[in-house]
Amino acid sequence: MPEPRSRDSNEPVTIRRMNPEISGIGERLDHIRERIERAAVRSGRSADDVTIVGVSKTFSADRIAEAYAGGIRHFGENRVQEWEAKRSTLADLDAVWHLVGHLQSNKAARAVKLFHCVDSLDSLDLAQRLDHAFASRAEASPGKRIRVLIEVRVDPTPTKSGASAEELPAILDRMLTLPRLEVKGLMGVPPMGDPERVRSAFCRLRELRDAAEHRSGISLPVLSMGMSSDFEVAVEEGATEIRIGTALFGAREAKPA
Ligand SMILES: *Cc1c(COP(=O)(O)O)cnc(C)c1O
């Protein structure tokens, strides 16, 4: 087991929770970092510009603490209630919690209490609810905003979530008027499969981001794209955040509903 790399990862809470014999998270993380490094070099980028978001759905708080000990500081969950159930023992960790799955509109109030970022915002209605929920929560600190990404549908399957590329400009313009949202970029979940098809989806997302920046005059630095099976291609195409589940935590036992 390699030493934790991060400066502040040796807090007692973390050490107590580590169970290196059975999980292999430390080794997997080293391997992921090497692959990111190589992909960054290939594309003339710096690996420092790529943040790993550990997608911990279905995994226990202990596994999350272990990934934290290895230096992971961003985590993603795809269901509000799952994260609500397991976060109590992790409250001290100085990490950033992302909601990466679709948010049901009746859970907006809970989501703003539980997550620092909502990466999967795909409609104006949801954006308004989130803005409103955050405003009622953050009365004491005017100027505070919740970070969001607009999820854009880069999978041609019509049932998949995400705003369409056509509606993105209008949605973005309206979201920029919501005072409690800090729109930082775009997120995309391309179809699984043929790497070249995936590459073109990543490339398209980057182009949509560039066009949206140009149009709005707003900086949209974050591109959240790439998962365990395709993160190297995503890095080559400009991802600044990659959402890694199985390559970090191991195989998921159950597919979350
Ligand atoms: C589960 C999930 C991931 C991680 O998927 P892996 O293939 O296990 O890396 C990334 N993004 C979203 C939105 C997810 O739901």
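The values are calculated or read from the model by the stated rules, or taken from the named source; none is laboratory data. Just so we're clear, the structure is a prediction, and the values are computed from it rather than from any experiment. Remember, those area values only see protein heavy atoms, side chains included, never the ligands or the DNA or RNA. Shrake-Rupley method; radii C 1.70, N 1.55, O 1.52, S 1.80 Å.
Of note:
- In order along region 38-51, the Karplus-derived 3J(HN,Hα) couplings, from 6.51 cos²θ - 1.76 cosθ + 1.60 at θ = phi - 60°, round to 5, 5, 5, 4, 4, 9, x, 10, 9, 4, 5, 8, 10, 9 Hz, and Gly and Pro are given as x.
- What separates the Cα centres of region 71-148 and region 182-201 is a distance of 22 Å.
- Sulfur and carbon atoms: percent of accessible area, the chain [1.4 Å]: 49 percent
- Anisotropy class of the chain from Cα gyration tensor, a/c 1.5 cut: oblate
- Under-5 Å amide H pairs with GLY185, H placed in peptide plane, nonlocal only: ILE150, VAL222
- In the chain, Cα pairs under 8 Å separated by at least six residues give a relative contact order of 20 percent.
- Cα gyration tensor category, rounded, prolate or oblate, for region 82-187 with a/c compared to 1.5: oblate
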